[in-house]
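These notes concern the structure reproduced below.
What follows is calculated from the coordinates using simple rules that are stated; it is not laboratory data. Predicted model only: the values in this text are computed from it and were never measured.
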Amino acid sequence: MGHMVRIQRERGDGAIYYEAARRRWVGQVDLGVSADGRRRRPKVVGKTRQEVKDKLAALVEANRQGIDVRSRHVTFDEVANLWLSRDVEGHVSYGTLANYATLLHGRISCAIGRTPVGQVPGRGV
């Protein structure tokens, strides 16, 4: 069995760690309690720490905007675009915004863009 290695995380990142056995970064964030009283702690997986950090930021932002990230109809692309337009644009340089948009609309979108956010791969990817 592989060992899970945890590293120091930045404030507001959620939990981000590397799973050596899967060769993937894993992130999990606590979004509080849902209407039915269950803890909402979605997981995301990525090839880089930054990819996971960005996915978690999109989930946190969607939650702040009142989007139900567990909705069967809200896709990762919708959340990512909301995050880009409401929180990134105007706060970073145009080059940085363009880089984020390229990353999100490139491989990440191709991989999970149409996936409902509540079903973004966590385990077994």
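Data table
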quantity	calculated
Placed amide H near residue 115: partners under 5 Å, 5+ positions off or other chain	76, 77
Prolate/oblate/rounded call for segment 49-104, Cα gyration tensor, a/c under 1.5 rounded	prolate
